[in-house]
Amino acid sequence: MTRRPLYDAVTRTKAAELYDKGHGVLSIANQIGVPYEAVRQWINTYRSVGIEGLTDMGKKHTVYPFETKVAAARG
């Protein structure tokens, strides 16, 4: 099984900029050389979370201590 290529925050930000300029997902994918489905997911993230959602993609998730998890579950 081959791994998917990872794209940096600059590429994802460029996709968001093109989207803001009125380009469609297919046009963006062709311009920056990224698969359509990846761009579609980035744009969905951008629309719901904003640019911060794109720049934080691919970073490792924080591992919380057990006590923190229990406290969060209790609310």
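Quick note: the coordinates plus some simple rules give every number you see, no bench work behind them. Computed from a predicted structure; not experimentally measured. Reconstructed Cβ throughout: ideal geometry from the backbone, glycine too, with neighbour counts over all protein chains shown.
Computed from point charges on the beta carbon alone (+1 for Lys and Arg, -1 for Asp and Glu), the dipole magnitude for the stretch 2-55 about its Cα centre is near 140 Debye. Projecting label points 7 angstrom from Cα along Cα→Cβ for Glu37 and Asp20 puts them 2.9 nm apart.
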